[in-house]
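K.L.:
Here's a structure for you.
No lab work stands behind these numbers, since they all come straight from the coordinates. Treat the numbers as computed from the prediction; the structure is a model and nothing was measured. Heads up, the Cβs are rebuilt from the backbone with ideal geometry, glycines too, and the neighbour counts pull from every protein chain shown.
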């Protein structure tokens with residue numbers, strides 16, 4: 001309770017601010033409409049109007065919630081959960097490229113980290129570039145990657161997943177290099193006194209002791225690969241996916257649609273990161289580390 | 001075929017030199033030379049592969065063509081750089097990091113607010129904030145103000161979380177010492193807790209540099225005036241002028257690394273006492 005109360009207070013404050021901001025931002029349009037109808041607005045009329053406009057500057061939370069329910073729960077009840085108008089369908093598209101990119105990125109990251117830890121030449125030549133690669137705003141070339149891969153004949157899931165992969169391999173490399181090097185000199189010496197081969201040292205000492213670092217970087221990698229998938233959907237001409245919903249919403253000024261796609265993306269991120277958190281707790285408890 | 005053989009030769013040569021250098025004692029010179037040789041090798045192999053396999057420049061232009069394009073269109077590149085990096089990213093970076101820093105100081109005296117804001121801040125930092133871009137472009141118009149707003153939203157939470165964590169860094173013993181000196185809240189903050197928080201604050205500032213450029217560029221995909229790096233990239237892709245796109249990417253990479261390097265340099269000056277900054281012997 002001691003931990004929940006402050007968080008609840010902050011969340012309630014955010015909602016209160018949101019409703020107030022909705023009144024403030026949408027008031028201009030409400031007054032404009034009232035003037036054309038030649039009537040004056042009382043305060044309560046103003047508030048109800050600003051919270052129920054069709055294309056508000058800032059939709060009120062309940063409008064967004066209603067839109068999300070209309071495009072997920074209600075459609076699922078009607079048995080049209082995977083129709084093209086349903087947010088479940090778009091979330092699924094985004095999720096599948098996020099997941100593929102995340103898996104590829106994790107595999108690449110772990111492979112690079114093992115190379116860096118075991119090979120001195122790779123450590124000195126690749127590591128600085130891994131770090132430099134992240135100061136490059138790679139998202140900027142997302143549209144180009146999509147277009148170029150389309151021209152080569154690769155389309156669909158893979159181009160988006162490549163962008164997710166590029167964004168997600170970095171935290172894994174950095175975390176795994178740190179983790180694989182975390183055994184102390186004393187522990188490594190102990191392995192040597194037992195005449196352990198390099199592969200035995202790897203499987204029984206280095207890999208297990210890297211696990212806490214591994215899961216922490218997986219959480220960051222998951223968040224990053226979701227961002228990659230969403231941005232990767234922007235230039236595909238707004239076909240499918242949460243990013244495409246964002247773009248279509250901004251073309252047609254459908255603010256409620258933008259906000260509902262945004263909240264779905266946030267929910268997806270929370271679910272995926274939470275899932276890794278659960279896996280982390282289970283694994284580490286099983287290993288006696290938590 | 002000759003190009004492919006040359007590429008293979010470059011690869012073997014670069015790897016051989018680096019292998020020799022890496023197995024010598026580490027000095028500043030080898031630490032700089034090895035990554036540079038690696039980078040040059042990659043560029044040489046790229047050039048050889050593109051020419052050897054006859055890849056159309058519409059798909060992947062060779063580095064020489066990109067360099068030529070870069071040299072001929074410096075005026076456009078500079079205009080885009082000013083619009084996106086200086087006006088959009090830098091303004092947003094200063095406002096966002098400043099606001100986050102002040103917020104962290106403001107909630108510092110209230111443990112209640114900290115316990116509430118930290119989990120929420122951590123949660124928001126993991127969200128795809130970039131999705132806010134279309135909304136902010138709608139609110140603030142097409143010019144750089146909306147890009148700065150996107151950057152503010154993107155850098156705020158990572159910076160806030162890092163600063164709050166840093167302010168909690170000074171331990172009980174050090175605070176007790178300050179109390180025995182009869183130091184008030186402000187003195188303790190200025191002389192003990194802010195200096196102790198500096199490594200965390202700079203960590204936040206460094207994360208924010210990359211986020212700022214990404215935010216400013218991606219926000220331009222949702223609408224911008226007829227200049228800016230994001231605008232140029234998305235229109236040039238449409239015109240299949242990929243050499244210009246790559247030139248923009250070079251600018252973005254230079255701007256990103258330069259910005260990051262600058263913050264890292266300031267960090268080294270200010271947190272010279274921290275173990276991670278001391279020279280390794």
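K.L.:
Taking 0.36 nm per intervening residue step and subtracting the Cα-Cα distance, what contour gain separates residue A:181 from residue A:84 on full extension?
P.N.:
Roughly 30.1 nm would be gained on extension.
K.L.:
Percent of Cα-Cα pairs more than 31 Å apart in chain A, please.
P.N.:
The answer is 47 percent, as a whole percent.
K.L.:
At a threshold of 8 angstrom on Cα-Cα distance, excluding pairs fewer than six apart, so keeping six or more, what relative contact order does chain A reach in percent?
P.N.:
About 21 percent, as a whole number.
K.L.:
Here's a follow-up. Rank these for me by crowding, B:201, A:230, B:249, going from fewest to most other beta carbons within 10 Å.
P.N.:
B:249, B:201, A:230
K.L.:
Compute the semi-axes of the equivalent ellipsoid of the protein assembly as shown, taking the square root of 5 times each eigenvalue of the Cα gyration tensor, and list them largest first in whole Å.
P.N.:
40, 33, 25
K.L.:
May I pose another question? Over chain B, what is the mean sequence separation of C-alpha contacts under 8 Å (at least six apart), divided by residue count, expressed as relative contact order in percent?
P.N.:
22
K.L.:
Compare B:265, B:189, B:86 in a GNM of chain B, Cα atoms joined below 10 Å, and give the one with the largest fluctuation.
P.N.:
B:265
K.L.:
What distance in nm separates the simple spin-label points at residue A:154 and residue B:273, each placed 7 Å from Cα in the Cβ direction?
P.N.:
Spacing of the two 7 Å Cα→Cβ label points: 5.1 nm.
K.L.:
Please compute the modelled spin-label separation between residue A:123 and residue B:20, points set 7 Å along Cα→Cβ, answer in nm with one decimal.
P.N.:
Taking the simple label geometry, residue B:20 and residue A:123 are separated by 2.2 nm.
K.L.:
Exposure proxy check: B:17, A:14 ranked by fewest other beta carbons within 10 Å?
P.N.:
The most exposed by this proxy come first: A:14, B:17.
K.L.:
When only Cα pairs under 8 Å and 6 or more residues apart are kept, what is the percent relative contact order across region B:189-281?
P.N.:
In percent, rounded to a whole number, it is 31.
K.L.:
Additional query: Please find the FRET efficiency linking residue A:37 to residue B:29, where r is the Cβ-Cβ separation and R0 is fixed at 60 Å, and quote it to the nearest 0.05.
P.N.:
Calculated transfer efficiency: 0.15.
K.L.:
Also, quick follow-up: Sorting A:186, A:75 on the 10 Å Cβ count, fewest up front, what's the list?
P.N.:
Final ranking by Cβ density, sparse to dense: A:186, A:75.
K.L.:
Taking each residue of B:31-42 in turn, how many C-beta atoms of other protein chains fall within 10 Å of its C-beta, and what is the average?
P.N.:
Mean shielding count: 3.
K.L.:
What distance in nm separates the simple spin-label points at residue B:123 and residue A:2, each placed 7 Å from Cα in the Cβ direction?
P.N.:
Taking the two extended label points, one gets 2.1 nm.
K.L.:
Using a 10 Å cut-off around each Cβ of peptide A:240-250, what is the average number of partner chain Cβ atoms that fall inside?
P.N.:
The mean count of partner-chain Cβ atoms within 10 Å per residue comes to 3.
K.L.:
Counting just the Cα atoms, what span does region B:39-105 cover along each of its three principal axes? Round to the nearest Å and put the largest first.
P.N.:
Principal extents (Cα only, largest first): 59, 27, 20 Å.
K.L.:
Based on the Cβ-Cβ distance of residue A:195 and residue B:226, what FRET efficiency does E = 1/(1 + (r/R0)^6) give at R0 = 60 Å, to the nearest 0.05?
P.N.:
Calculated value: 0.30.
K.L.:
Let me ask something else about it. One quarter of the convex hull surface, Cα atoms only: what value does that give for region B:2-55 in nm²?
P.N.:
For region B:2-55, the mean projected area of the Cα convex hull comes to 3.3 nm².
K.L.:
Then there is this: Among B:99, B:183, B:255, whose mean-square fluctuation peaks in a Gaussian network model of chain B (Cα, cutoff 10 Å)?
P.N.:
Greatest mean-square fluctuation among the candidates belongs to B:183.
K.L.:
Also: Cut-off 10 angstrom, C-alpha nodes, Gaussian network model of chain B. Which of B:185, B:93, B:260 fluctuates the most?
P.N.:
B:185
K.L.:
Shifting gears a bit: Can you compute the equivalent ellipsoid semi-axes for region A:4-58, i.e. the square root of 5 times each eigenvalue of the Cα gyration tensor, sorted largest first and rounded to whole Å?
P.N.:
Values: eigenvalues 167, 20, 9 Å².
Semi-axes (√(5λ), whole Å): 29, 10, 7.
K.L.:
Multiplying the sequence separation of residue B:112 and residue B:67 by 0.36 nm and subtracting their Cα-Cα distance, what value in nm do you get?
P.N.:
Extending this stretch completely gives an extra 10.6 nm.
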